[in-house]
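In what follows, a structure is listed as structure tokens, so that the remarks can point back to it.
The values are calculated or read from the model by the stated rules, or taken from the named source; none is laboratory data. The structure displayed is predicted, hence computed values, not measured ones. Here the Cβ positions follow ideal geometry from the backbone for every residue, glycine too, while neighbour counts run over all protein chains shown. The area values use the complete protein model at the heavy-atom level, side chains included, leaving out ligands, DNA and RNA. Shrake-Rupley method; radii C 1.70, N 1.55, O 1.52, S 1.80 Å.
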Amino acid sequence: MTSTKQTDAGSATGDRYSPAEIEPKWQARWDESGINKTRDSEPGKPNWYALSMFPYPSGDLHVGHWFMYVGADVHARFMRMQGYNVLHPQGFDAFGLPAENAAIERDIHPRDWTYGTIENMRGQFRLMGASYDWDREIVTCNPDYYRWNQYFFLKFFEKGLAYRAEGPVNWCETDQTTLANEQVRDGVCERCGTPIVRRNMTQWFFRITDYADELLDMSKIEWPENIKTMQTNWIGKSTGVDINFDISEYGLEEKHITTFTTRIDTVYGVTFIVLAPEHPLVESLIQPAQEKAVRAYIAAAGKASEIERTSTEREKTGVHTGSHALNPLNGERVPILVGDYVLSTYGRGAVMGVPAHDERDFVFARKYDLPVRVVIAPRDWDGGELKEAYLSAGVHVNSGEFDGLPNREGMEKISDKIEANNWGSRTVSYKMRDWLISRQRYWGTPIPMIYCDHCGTVPVPESDLPVLLPEHAEFKPTGRSPLIDDAEFVNTTCPDCGKPAKRETDTMDTFMDSSWYHLRFTSPKNDKEPFDPEIARNWVPVHRYMGGVEHAVMHLLYSRFFNKALRDLGMVDFDEPYARLFNQGMLITEGGKISKRNRPMPADPLVDRFGTDTVRCYLMFLGPWGDGGVWSDEGMNGPSRWLNRVWDLARRDPERLASVTVDPKAEEAINRAGHIVSKRAAEDYEQFKFNTVISALMEYTNELARLWDAGGISPPAWREAIEKLLRLLAPIAPHITEELWEKSGRDFSIHNELLPDWDDALTIADLVTIVVQINGKVRAKLELPADSSEEDVATAAMADRNVQAHTEGKQIRKRIYVPGRLLNLVVG
RNA sequence: GGGGAAGUGGCGGAAUUGGCAGACGCGCAGGCCUUAGGAGCCUGUGCCUUCGGGCGUGUGGGUUCGAGUCCCACCUUCCCCA
């Protein structure tokens, strides 16, 4: 028997694995051949839309991007090799703030900056070897894309889904502008450091709240439970009662304050009312003696963020207005306070204070010495003072005619009484607010609206779209949108009456762009409509959407809303945009996140040193894709060595085996190994466990190397084994497998092949190791046929010296047998 | 504050879902080879040990013949929030 060492094979063919040569070669070849082009349909192949969230063109693709996009590409390639017609597009989410900041800092036009970074990133994407169909690329800042944002906006406006209203914004006094939330760091403007204040401005909104209940229904999507829970919590539906407290004694236009509560059963326990500082009635209810204190309080409250204000750790503060309101149930006159733990944006911006039965109200009442009245008696209550708010169920006390009722029943009876007397009504409240679309920024889609002194707010006619961003804008560090000062842009004529009018200068939130880009990818060059509905229905709902968990409640909720709005406009006939969602984890370094600002680690140098396939393997080997990974510089050696070994094995000349006598046992072993690895790899690919796909393939290569050295294998069996290895590895390492596929004399391309099939019967070993335990401790391991009976195993076990030693003179009280696995003897 | 995820060797992680803990890889140690390399090959590597074995999956309890896996309480870390 000859033992053929790998060095022999290497010198025989004289080649080495050289990623720097083969990777650019195949990337060019794939481009030329159009292998990544996706047709709208292919006979005999079901469509599969594998979409990854497109990137913001921030300048460089860092390894964090690679981690995400390689995983998505592996999935797309896997599905192709499972026989699907796969759509795997890529584009750029190209509008947004960083371009504008770059314009201010470096005196470069946002457009030039953006197209520059896109050009750079296209090259880096190419380096990644991803199987994108670049003919379908989308760049959202192109007028041929954003014109459709405007088109949708007009449709939403017609349908009453877009409206203009006052809403709170972050305002920087120094820069005289609103700031996006991401521009506010620790309560100050990130550019000039001025503390930001909240103020109300007239802005455009989409009525996402109209769809709140439908958005809560997630029966038509297969998404991770945590994401669904996050959306549910975000929407924050609560059912309760709006109840009016009378303030007619002040002779105002408003005769009452409406509060929303989910605990109307506690209404007899109301001892005060708290208004949010922004509540419209605050101004008229301030009594002269309190004026100074209240105004100071409101000014201070404007500086706190909502997260701070609703924190349970923060001290609850408030101030008396000096006014009072009447509780309609018991006619009691209770004081009205202003407190910033009440938000204007939730419920009615006013709450009834029930210290006995609400934690926050309890703390608040203690601090301001307001009475605490128990109206739901705790079990075994002695009538004394409460040490903390009592939140559980109980029986009504101090509640007039409802005394003695269980509070659950009281809740309904009291609600009935309130409705019967017109004091209020049962209602549903949501935490989610309407989607604020307006941004006071240049680098975004202009909102296609015109303000005319005669005709009011007039939509730009569809035939006039797109409303183009002006070419020459001035970018100065004033913070004001350059559009406001662009007379040529702002001044226009009214489409209705033809008189001079002014354009809206707000641009759209960039979540608008990402709400429908998946539709655009299905017919990206359509210049008649945003997408072809007939083609779109063959791809959407997206079969598998992949991206980060950070979009759980923003992008993913907006897209769902958008889809439902389009459905109601008759533009699509399905209810959801993304059927299945998978969240890849985050790649971190020991220092923290790789993406974002702190540590962008470019992939290019790694590719230079190790090659794309090695970087791809390394990233996918770090751990389960869904869990993210921790980057370390040293781990790259593993996959690098492994791919070299793969190269070596695949380059061995099988004819060298021909002189060896074929051993049926060896043939069976190599065949079995092929079936086992095919099963393991396919199952793990399916579940995005790319790390264990790789470890299975590593074990397989180790096994092949052993089998080669042991000899007894026929050349055809070896060829088949290598072919399986290449096909199974192709989704992760597309270049090396393509090269080796060609070198072994097969037709272009391995990426048009299917993954190897397997026979379950051949994945089960016929000899198994059975563990023998005595009282749960391992005392022997037996090699026995897989189909051994319990008696066979017990007999074999008792023949073992160590087992005898541990059972000697003891009685076997119990015997547990797990077929093919374990025998546990309980002795005593 | 609210919501979510997770704790296994020096490190990343694996474990057929209640059945041999540590697969695979990194790192480290020893050896081999020589085109002296960031290359390749072989061997070893959880901890303790009187070499019989004992102990080990964040901590403390519990269920079970048997727990990384299930139950209860606690501790810690990470991620997200118009």
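Some notes on this structure:
- Failed item, numbered, when A:Val363 is tested on (1) within 16 Å of RNA strand B (Cβ to nearest atom); (2) assigned to a strand (DSSP E or B): (2)
- Of the listed requirements (1) crowded, with 22+ Cβ neighbours inside 10 Å; (2) more than 28 Å from the chain's Cα centre (by Cα); (3) not in a loop (DSSP other than H, G, I, E, B), A:Val458 misses just one: (1).
- Within the range A:139-162, residues that are more than 12 Å from A:Pro448 (Cα to Cα) sit with their Cβ atoms under 8 Å from residues that are of a type in the set (Lys, Arg) and in a helix (DSSP H, G or I), at 6+ positions apart or across chains, in these pairs: A:Cys141/A:Arg111; A:Tyr145/A:Arg520.
- The range A:730-749 residues that are open to solvent by 70 Å² or more (accessible area, probe 1.4 Å), paired with ones that are outside any helix (DSSP H, G or I) (beta carbon under 8 Å, 6 or more apart): A:Glu742/A:Phe748
- So A:Asp648, is it under 19 Å from A:Asp760 (Cα atoms), part of a helix (DSSP H, G or I) and out of contact with any Leu (no Cβ under 9 Å at 6 or more places or on another chain): no
- Some residue of the range A:455-470 being within 16 Å of RNA strand B (Cβ to nearest atom), closer than 28 Å to A:Cys172 by Cα and at pLDDT 90 or above: no
- The strands (runs of 3 or more DSSP E) located wholly in the range A:478-592 that include 1 or more residues which are farther than 19 Å from A:Pro224 by Cα and in the same structural domain as A:Ala99 (by TED's automatic domain parsing) occupy A:587-589.
- A:Ala325 vs. criteria within 30 Å of A:Asp434 (Cβ to Cβ) and either open to solvent by less than 40 Å² (accessible area, probe 1.4 Å) or in a strand (DSSP E or B) (or both): yes
Residues are listed down the side, and each one gets a yes or a no for (1) open to solvent by 30 Å² or more (accessible area, probe 1.4 Å); (2) away from RNA strand B (no atom under 12 Å from the Cβ); (3) part of a loop (DSSP other than H, G, I, E, B); (4) acidic (Asp, Glu):
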position	(1), (2), (3), (4)
A:Val693	no, no, no, no
A:Glu703	yes, no, no, yes
A:Trp708	no, no, no, no
A:Gly712	no, yes, yes, no
A:Glu720	yes, yes, no, yes
A:Leu726	no, yes, no, no
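- Residues in the range A:215-235 that are more than 12 Å from RNA strand B (Cβ to nearest atom) and either open to solvent by 60 Å² or more (accessible area, probe 1.4 Å) or not in a loop (DSSP other than H, G, I, E, B) (or both): A:Leu216, A:Asp217, A:Ser219, A:Lys220, A:Glu222.
- Restricting attention to the range A:99-130, the residues that are crowded, with 21+ Cβ neighbours inside 10 Å and not in a helix (DSSP H, G or I) total 2.
- Against the test of being in contact (Cβ under 8 Å) with a residue 40 or more places away in the chain and in contact with a Pro (Cβ under 8 Å, 6 or more places away or on another chain), the options A:Pro639, A:Pro654 yield a single qualifying residue, A:Pro654.
- Pairs, first hydroxyl-bearing (Ser, Thr, Tyr) in the range A:816-828, second open to solvent by less than 50 Å² (accessible area, probe 1.4 Å) and not in a strand (DSSP E or B), C-beta under 8 Å, six or more apart: A:Tyr817/A:Val793; A:Tyr817/A:Ala794
- Residue within the range A:522-539 that is more than 24 Å from the chain's Cα centre (by Cα) and among the hydroxyl-bearing types (Ser, Thr, Tyr) present: yes
- Residue within the range A:753-760 that is over 19 Å from A:Phe78 (Cα atoms) and under 37 Å from the mean Cα position of the chain (by Cα) present: yes
- Taking every residue in the range A:690-704 that is over 19 Å from A:Ala72 (Cα atoms) and pairing it with any residue that is near RNA strand B (Cβ under 9 Å from one of its atoms) and not β-branched (Val, Ile, Thr), at least 6 positions away or on another chain, the pairs with Cβ-Cβ distances below 6 Å are A:Met698/A:Trp642; A:Thr701/A:Arg645.
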